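Participant: Okay, handing you the structure first.
We did not get these values from a lab; they are worked out from the coordinates using the rules stated. Predicted model only: the values in this text are computed from it and were never measured. Counting neighbours? That spans all protein chains shown, and the Cβs are built from the backbone with ideal geometry, glycine included.
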Amino acid sequence: MAKIKWLGHAAFQITTAQGQHIYIDPWLEGNPSCPVAKEDLEPADLVLVTHDHHDHLGDAAALLEEGGAVAAGQPELIGQLEEAGVPTEKLVGMNIGGSLEAAGVVVTMTQAFHSAAQGTPVGYILTLPEGTVIYHAGDTGIFGDMELLGELYDIDVALLPIGSVFTMDPHQAAMAVELLSPQLVIPMHYGTFPALVQDADEFTQLVGERTPEVKVIALEPGAKWEF
Ligand SMILES: [Zn+2]
């Protein structure tokens with residue numbers, strides 16, 4: 001059984017049925033809503049970062065220190081991880097539209113509309129070995145081609161930012177759910193700072209009105225969804 005654990009903000013730990021641990025946007029230390037210490041997490045097999053802002057790049061380099069963990073990302077982000085001391089053999093370059101297989105998972109890089117110091121912001125679609133498809137949108141505003149992603153991939157779980165100010169707000173994110181048509185959606189990137197939307201209530205209500213067939217799972221930081 002695969003598991004998705006929210007580590008607060010945009011950070012998730014996805015564990016495949018085979019026991020591989022994938023970390024996305026692992027901002028742990030200094031993340032006010034991260035409930036666990038880095039030392040208490042299982043060693044990473046794969047690390048993915050959507051863009052180089054500190055609240056996403058976070059502890060990626062530290063997670064890559066141990067064992068056989070690898071990271072996939074845009075060349076510019078890979079360069080930053082190399083500068084942070086991650087050995088080149090642990091880093092794999094890719095870019096928007098491309099897919100590769102790592103830790104038994106097919107990773108596809110998607111566009112995202114946001115900013116970055118180097119490279120461009122992205123999202124990821126993960127196809128787990130048993131076929132479950134998870135979309136992590138990264139930080140983004142809504143874009144019409146989410147509909148295309150929903151057509152191309154049979155998305156089971158969408159991880160969408162709803163916090164506004166830096167990303168989609170609940171109103172945009174509810175429309176994004178309609179475009180992506182996942183089975184279930186887990187909201188993220190809210191409640192971390194006072195400036196962000198503080199809870200998922202409005203989002204849950206709007207999705208319920210617009211696409212009642214889609215289940216909203218508003219996790220508490222540290223909680224996980226198993227399927
Ligand atoms: Zn962010």
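Participant: Angle between the Cα long axis of helix 201-210 and the longest principal axis of the chain, 0 to 90 degrees, nearest 10?
Facilitator: Relative to the chain, helix 201-210 is tipped by roughly 60 degrees.
Participant: Let me ask another. Run the numbers on the chain and let me know its relative contact order in percent, using alpha-carbon pairs under 8 Å that are six or more apart.
Facilitator: Reported relative contact order: 18 percent.
Participant: Would you work out which of PRO212, PRO32, GLY19 lies farthest towards the positive end of the dipole of segment 3-220, given +1 charges on the beta-carbon of Lys and Arg and -1 on that of Asp and Glu, about the Cα centre?
Facilitator: Sorting the options by dipole projection puts first PRO212.
Participant: With axes computed from alpha carbons, what is the tilt in degrees of helix 170-180 against the longest principal axis of the chain, rounded to the nearest 10 within 0 to 90?
Facilitator: Computed tilt is about 80 degrees.
Participant: Got the relative contact order for segment 99-227 handy, in percent, Cα pairs under 8 Å and 6 or more residues apart?
Facilitator: 17 percent
Participant: Here is a follow-up. Show that you can apply the helix-only estimate: for the chain, add -39,500 (n - 2.57) for every DSSP H stretch of four or more residues, divide by all residues, and state [θ] at 222 nm to the nearest 500.
Facilitator: Theoretical 222 nm ellipticity from helices: -5000 deg cm²/dmol.
Participant: Continuing with this model, one more query. Using amide H atoms built in the peptide plane, which far-off residues or other-chain residues are under 5 Å from ALA11 H to H?
Facilitator: Distant-sequence amide H within range of ALA11: TRP27.
Participant: Using the C-alpha gyration tensor of the chain, what are the square roots of 5 times its eigenvalues, in whole angstrom, with the largest one first?
Facilitator: Whole-Å semi-axes of the equivalent ellipsoid: 25, 18, 17.
Participant: Let me know the shape class of segment 72-123, please: from the alpha-carbon gyration tensor, a ≥ b ≥ c as square roots of the eigenvalues, rounded when a/c is under 1.5, otherwise prolate if a/b is greater than b/c, or oblate.
Facilitator: Judged from the Cα gyration tensor, segment 72-123 comes out oblate (a/c at least 1.5, b/c at or above a/b).
Participant: Among the aspartates and glutamates, which have Cα under 17 Å from the Cα of LYS215 when same-chain residues fewer than 8 positions away are ignored?
Facilitator: Leaving aside aspartates and glutamates fewer than 8 places away in the same chain, those within reach of LYS215 are ASP154, ASP156, GLU178, ASP199, ASP201, GLU202, GLU226.
Participant: Excluding same-chain residues fewer than 8 positions from LYS38, which lysines have a Cα within less than 16 Å of its Cα?
Facilitator: Cross-link targets: LYS5.
Participant: In sequence order, what are the phi-derived ³J(HN,Hα) couplings for segment 93-102 according to the Karplus relation 6.51 cos²θ - 1.76 cosθ + 1.60 with θ = phi - 60°, rounded to whole Hz, with x for glycine and proline?
Facilitator: Karplus values, whole Hz, x for Gly and Pro: x, 7, 8, 4, x, x, 10, 8, 10, 8.
Participant: Next up: Only counting other Cβ atoms within 10 Å, I'd like HIS9, HIS114 sorted with the fewest neighbours first.
Facilitator: HIS114, HIS9
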